[in-house]
Amino acid sequence: MTPHARIRLAAARLLVHPDEQLYGELPLLRELTAQVEVPELARFLAFVEGERPLDLAAHYTSVFDTRNRRCLYMTWWTDGDTRNRGLSLVRVQRAYRDRGHHFDGGELPDFLPVMLEFAALEEEAGTALLQEHRAGLELLRLALTDHGTPYALLLQAVSATLPGPSPATREEAKALARQGPPRESVGLEPLGPGVDLPWPRLPERTSA
């Protein structure tokens, strides 16, 4: 697994709602982030470990709120709550299916942690998918930074795995959206029942 894949996998795990599974994985996440030496990930882990679980869960819920333009669903940034979003979701699901991964979970396929898991497993295809949604990812990063939440650190780490510099302002991010690749609208399969997109196991801890 490359350093970029490790960063994406760690960010994916840390961007889900904090629960018992997350806390159980913290030792492995600590080891995973130590291998890539990304300060943002180390700082975020220190934040998690310094918070009480109930306080962290409340913070997460207050941060990721569509009404405040801090949304983890990437097609929301391009399509909002419109009919076009269904086609965008098909495109994301097809990207998984084309590489042999089938999505069927409690979240929509455009949920950023799921996209990051895919981008860790399939680095080239995953990078292309994240690049397609780069403007939304960067707008989310800027919104989290403005909000002052440590979750912005995870978006900073993810953005650094993508080609080119990150936009410094909302205007630059919106300009990036206007320069984005043309979106295919013909020949897409309708949304149908998916099957599981397995979240990969974290690397086993090495013995001292």
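The values are calculated or read from the model by the stated rules, or taken from the named source; none is laboratory data. Quick caveat, the model's predicted, so the values are computed rather than measured. No Cβ is skipped: glycine too gets one built from the backbone with ideal geometry, and neighbour counts run over all protein chains shown. Only protein heavy atoms, including side chains, enter the accessible area calculation; ligands, DNA and RNA are left aside. Shrake-Rupley method; radii C 1.70, N 1.55, O 1.52, S 1.80 Å.
Among what's in the range 97-127 and is free of Cβ contacts under 8 Å to residues at least 12 places away in the same chain and small (G, A, S), pick the residue that is surrounded by the most Cβ atoms within 10 Å (Cβ to Cβ).
G100
Provide a single number: the residues in the range 102-120 that are modelled with pLDDT under 85 and not charged (D, E, K, R).
4
Would you mind finding the one in L56, L89 that is open to solvent by less than 60 Å² (accessible area, probe 1.4 Å), under 25 Å from T145 (Cβ atoms), of a type outside the set (S, T, Y) and touching a helix residue (DSSP H, G or I) at 6+ places or on another chain (Cβ under 7 Å)?
On inspection, the qualifying residue turns out to be L56.
Take the residues of the range 137-182 that are part of a loop (DSSP other than H, G, I, E, B), of a type in the set (V, I, T) and surrounded by fewer than 21 Cβ atoms within 10 Å (Cβ to Cβ): which is modelled with the lowest pLDDT?
Going through the qualifying residues, I end up with T169.
Six or more apart or on different chains, Cβ atoms under 7 Å: show the pairs whose first residue is in the range 19-30 and open to solvent by 40 Å² or more (accessible area, probe 1.4 Å) and whose second is part of a helix (DSSP H, G or I).
From residues that are open to solvent by 40 Å² or more (accessible area, probe 1.4 Å), the pairs are Y23/P53; R30/L45.
Could you tell me which of the residues T82, T78 is modelled with pLDDT under 95, open to solvent by 30 Å² or more (accessible area, probe 1.4 Å) and in a helix (DSSP H, G or I)?
After applying the criteria, what remains is T78.
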